[in-house]
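To start, the structure under review is shown below, and the notes come after it.
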Amino acid sequence: PNGLFSCFLRIHSDGAVDCARGQSAHSLMEIRAVALRTVAIKGDRSVRYLCMDADGKMEGLTEYSAEDCAFEEEMRPDGYNVYWSKKHHLPVSLSSSRQRQLYKGKGFLPLSHFLPMLSSIPAEPEELQDHLEPNLFPLPLETDSMDPFGIATKLGVVKSPSFHE
């Protein structure tokens, strides 16, 4: 009714990039900082990086390229993110080439606002094991502690500007 359309970004094993109405194994993405305000987006299942070609078309590549696969992350006040290609000066968009031509120079492209969210697809137990780093947390955990992983004790005293002495 209001013209809004939402979908989940997918990077397929063959490198095709599209969107779907629901989450799937191909819509689980890893967003990782590669530089200040710059991220790389990688499909968890496809093991391909989201990249942009010269026409602004999205594709999934097996090798990371700082020119084509790095995007400046803009966090908007409405809670959505827009990712800009530093090389092509275009936003990441799941719109068709025809839509990109129609909207050229008219503001944001359709399907260019992203809302990072947690996956509702349960991970397979063997997949979880592959992603865990060995000895990441010391055992046993201090479950009765306010700091069960011992992170705060490693940092020492943290002074916050919001606390007044």
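For residues that are loosely packed, with under 12 Cβ neighbours inside 10 Å and either of a type outside the set (K, R) or modelled with pLDDT of 85 or more (or both), tally how many sit in segment 77-98. Show your work before the answer.
Initially, segment 77-98 is screened for residues loosely packed, with under 12 Cβ neighbours inside 10 Å, giving 77-79, 89, 97-98.
Cutting the leftovers down to either of a type outside the set (K, R) or modelled with pLDDT of 85 or more (or both) gives us 77-79, 89, 97.
Of the residues in segment 77-98, 5 are loosely packed, with under 12 Cβ neighbours inside 10 Å and either of a type outside the set (K, R) or modelled with pLDDT of 85 or more (or both).
So, G22, is that one in the same structural domain as S120 (by TED's automatic domain parsing) and either hydroxyl-bearing (S, T, Y) or more than 20 Å from E73 (Cα to Cα) (or both) or not?
Values: in the same structural domain as S120 (by TED's automatic domain parsing): yes; either hydroxyl-bearing (S, T, Y) or more than 20 Å from E73 (Cα to Cα) (or both): yes.
Considered against the rule, which asks whether it is in the same structural domain as S120 (by TED's automatic domain parsing) and either hydroxyl-bearing (S, T, Y) or more than 20 Å from E73 (Cα to Cα) (or both), G22 comes out as yes.
For the condition on the phi > 0 side of the Ramachandran plot and under 14 Å from the mean Cα position of the chain (by Cα), what is the one hit in V47, V39? Don't jump to the end; show me each part of the working.
On the way: V39 fails: on the phi > 0 side of the Ramachandran plot.
Testing whether each residue is on the phi > 0 side of the Ramachandran plot and under 14 Å from the mean Cα position of the chain (by Cα) leaves just V47.
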Taking segment 40-70, which residues are surrounded by 19 or more Cβ atoms within 10 Å (Cβ to Cβ), in a loop (DSSP other than H, G, I, E, B) and free of Cβ contacts under 8 Å to residues at least 40 places away in the same chain?
-> S46, R48, D68, C69, A70
Which of (1) under 16 Å from S112 (Cβ atoms); (2) at pLDDT 90 or above; (3) among the polar types (S, T, N, Q) is the odd one out, the single condition S13 does not satisfy?
-> (1)
Within segment 46-75, how many residues turn out to be touching a Phe, Trp or Tyr at 6+ places or on another chain (Cβ under 9 Å) and closer than 19 Å to P116 by Cβ?
-> 11
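The values are calculated or read from the model by the stated rules, or taken from the named source; none is laboratory data. Being a predicted model, the structure only gives us computed values, none of them experimental. Methodologically, a virtual Cβ is constructed for each residue, glycine included, from the backbone with ideal geometry; neighbour enumeration extends over all protein chains shown.
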